[in-house]
1. Once you order the gyration tensor axes a ≥ b ≥ c over the Cα atoms, which shape class does region 1-115 get: rounded for a/c under 1.5, otherwise prolate or oblate by comparing a/b with b/c?
2. Using a Gaussian network model of the chain with C-alpha springs under 10 Å, which one of R114, R162, R174 is most mobile by mean-square fluctuation?
3. What ranking do 175-188, 207-220 get when scored by the average of other Cβ atoms within 10 Å per residue, highest first?
4. How large is the charge dipole for the chain, taken about the Cα centre, if only the Cβ atoms of Lys, Arg (+1) and Asp, Glu (-1) carry charge, to the nearest 20 debye?
5. Keeping all protein chains in place, calculate the accessible area per residue for region 14-272 (probe 1.4 angstrom), answer in Å².
6. Taking square-rooted eigenvalues a ≥ b ≥ c of the alpha carbon gyration tensor, is region 109-229 rounded, prolate or oblate, where a/c under 1.5 means rounded and, failing that, a/b exceeding b/c means prolate?
7. Measure out, as a whole number of angstrom, how far apart the alpha-carbon centroids of region 143-207 and region 76-139 sit.
8. Output the relative contact order of region 215-276, whole-number percent, from Cα pairs under 8 angstrom with separation of 6+ residues.
Amino acid sequence: MNRFPEYPQPSARIGIVGVAFDGNSSWKAGAALAPPRIRAAFFKPSSNLWTESGVDLGAPGIFADAGDISPSAGSMSTGILEAAGRLHGEGLKVMALGGDHSVSAPLVHAAADRHGPLTILHFDAHPDLYDNFEGNPESHASPFARIMENGWACRLVQVGIRTMNQHQREQARRFNVEVFGPDDLEAVRRLVFEGPVYVSLDLDCLDPSCAPGVSHQEPGGCTTREIIGIIKNLNARVVAADIVEYNPAEDMNDMTAMVAAKFLKEISAKMLERAR
Ligand code: MN
Ligand code: MN
C-alpha cells in the first residue's frame, strides 16, 4: 500500500481528512501545506506501516481518506464541521491532518455532536486559551477558549505547556484546565480518562530539535519518544484526533513530516484498540 484507500470504504474504521488552512496563524503561513506532506511521510519507503504496538496499518479495513479541504477564513468552521461531521455520522473515528490550530475548534465541535462532551488530551507548547489574539477570536491561539465556552469538552488536559502568561493562567483557571509542563510527564502517565477522548497534537509541543518544522519554535519541549510513550500508555477511548501546526516551509529534510507521520501511526493504533 502506498496511499490511503479513498473514502468511502465500507469496512473502514478511521476517516482521514486533510485540512489545508493556515488563515488564522498569527505568525507564519505554511501549515496549509501540511496534509500531502504528512501522507507522503506516512508512506515513505524508508519505514513501514507497522506501529510499535504491532498493528499493521497497511491491512485492509482501517482507513478511508476523504481528501483535503481548503476552506477560506470565512468558511473554515462550517467547512470543517461539515467534512468531519460526515465521517463521524458514518461511525468512523476521525483523524485530521494539517492546518493551524484554529481548525481544532470545529473538529472538536463535530466530534462532540457525535459523542457528547469530550475529554481533550492536548499536546502543545502553548495553551491556546486566549479570549482573542490580536483581535481575532478564531486565532490559532484561541481554539480551546472557544471549545470550553461552547461546552464541546467537559475536561481539558494540556501537556507540554511552557508559554503561560497571566491572561492564559486566568483562562486556565476559568475553564478548570489541567496543565502539565514538560517536567510533569510522569503525572500525565498516571491520569485516568473516562468517556470519549479527543487527542489534539500541536507539533510544537516537541522540542524544536525533534520537530523544527513548526511556525512557533519553543525551546525546552518534549521529545518524540516521550509523547509516543504517553500515547501508547493511554487507556482511553480515542474517537478523534488532529495533528496540527506542521509547517513544511520551516522543516529540514522532512524530519518533522516523519514525526507527524509517526504520531499518525501511533494514534491510529490507539483508536483501533476500542471499537467505537
Ligand atoms: Mn497550538
Ligand atoms: Mn503551539
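1. Values: a/c = 2.22, a/b = 1.32, b/c = 1.69.
Oblate.
2. So, out of R114, R162, R174, the one fluctuating most is R174.
3. Result, highest mean Cβ count within 10 Å first: 207-220, 175-188.
4. Working: 25 positive and 34 negative charges, 174 e Å.
It works out to roughly 840 debye.
5. Numbers: 9360 Å² over 259 residues.
Using a 1.4 Å probe on heavy atoms only, each residue of region 14-272 averages 36 Å².
6. Numbers: a/c = 1.63, a/b = 1.17, b/c = 1.39.
Taking the square roots of the gyration eigenvalues as a ≥ b ≥ c, region 109-229 is oblate.
7. Distance between centres, Cα-based: 14 Å.
8. Working: 34 pairs, mean separation 27.9, N = 62.
Relative contact order, region 215-276: 45 percent.
The values are calculated or read from the model by the stated rules, or taken from the named source; none is laboratory data. The structure presented is a predicted model; accordingly, all values stated were derived computationally and were not measured. Every residue, glycine among them, receives a Cβ derived from its backbone with ideal geometry; neighbour counts consider all protein chains shown. Keep in mind that these areas ignore ligands, DNA and RNA; they rest on the heavy atoms of the full protein, side chains included. Shrake-Rupley method; radii C 1.70, N 1.55, O 1.52, S 1.80 Å.
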